[in-house]
1. Among the residues in segment 150-159, are any more than 19 Å from the chain's Cα centre (by Cα) and in a loop (DSSP other than H, G, I, E, B)?
2. Residues that are surrounded by fewer than 24 Cβ atoms within 10 Å (Cβ to Cβ) and in contact with a Gly (Cβ under 9 Å, 6 or more places away or on another chain): find the helices (runs of 4 or more DSSP H) completely inside segment 30-139 holding 3 or more of those.
3. Tell me which helices (runs of 4 or more DSSP H) are completely within segment 161-237 and hold 3 or more residues being crowded, with 17+ Cβ neighbours inside 10 Å and not assigned by TED's automatic domain parsing to the domain that holds GLY114, or say none if there are none.
4. Can you name every residue in segment 238-268 that is hydroxyl-bearing (Ser, Thr, Tyr) and either part of a helix (DSSP H, G or I) or under 22 Å from SER135 (Cα atoms) (or both)?
5. Here are some conditions: (1) out of contact with any Phe, Trp or Tyr (no Cβ under 8 Å at 6 or more places or on another chain); (2) farther than 23 Å from GLY77 by Cβ. ALA159 meets all but one. Which one does it not meet?
Amino acid sequence: MNGSFKYSYLQKVVFVLLAVFLVGVVGCAGLNSGEEEEKQALFAYVGANLRDPVTALADAYEAETGIEVELTFQNAGALLNQIATTKRGDIYIPGGMAFANKGQEEGHVEKIVGPIAYHTPVLIIPEENPAGITSVLDLANPGVELVIPDQGSTAIGKAAFKVFDNTGLKAEIEENIVATLESPAKVLAVIGMGEGNAGIVEYSNAVNNSEGLKIIEIDPVLNVVDEIPIALLTYSEDKALAEDFIEYIKQNGPSVFEAYGFKTITVK
């Protein structure tokens, strides 16, 4: 009887310990699940030239709501290719409306809001100005070495070629292009190092990094000012949350972009 009693008692102890263990595991699993549910996040594709204002807005949104906005930066064309390949993400913020419209045509973009601000092309030249450039028309002068952002993948590059067309001197200006780079920031760096007589960048690039350079604004009659939109992707798994962030950008974006040197009203 004693042996049987001991065996029965041990069985009860083991059963109780096992039950406690299982309750603990289920409780922890439930806690972890709750924590994961609380960690809401969004993923946004952002044009490289918009890094500073969009980062500031995403940080402010997270501080206010607790929702993280993960950002990836690249030129607008490369980002659109990423979206088409991965078919994931919530938000697309390119530097120009043409990229958002293309995304919508291809079925990647569900909704476009904006403009948040404007992408405004300007000329930059070295302070010594060896080519004697005073306006966009001078880019057609023989021997001028012009550096611009890539036409196919950047909003400023696209706008630049439209500006050339507006001058009536497109062929002559294009003949003077010595390099096309993947972003306005790289154009700025190259001209800053004295490699080239002139470059075309966004107004904010120029005013925030003007040391050793002169800025020449393009005649509004010739210039092509692009709108900066924010787009909801069709692949978003939480469109209500994505639209909340879009509304936040719509309300707060213009003042933040202006603080970083972007123009928030058209010059036309």
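1. Applying the first criterion (more than 19 Å from the chain's Cα centre (by Cα)) to segment 150-159 yields none.
No; the residues of segment 150-159 include none that is more than 19 Å from the chain's Cα centre (by Cα) and in a loop (DSSP other than H, G, I, E, B).
2. On the way: elements: 51-65, 76-86, 97-105.
Passing ranges, in order: 76-86.
3. On the way: elements: 170-175, 184-192, 203-208.
Per the criteria, 184-192, 203-208.
4. If we filter segment 238-268 for residues that are hydroxyl-bearing (Ser, Thr, Tyr), which is where we start, we get 248, 255, 260, 264, 266.
Selection gives TYR248, SER255, THR266.
5. (2) is the only condition that ALA159 fails.
The values are calculated or read from the model by the stated rules, or taken from the named source; none is laboratory data. Just so it is clear, the structure is predicted and the values come from calculations on it, not from any experiment. When we count neighbours, we look across all protein chains shown, and the Cβ atoms used for this are built from the backbone with ideal geometry, even at glycine.
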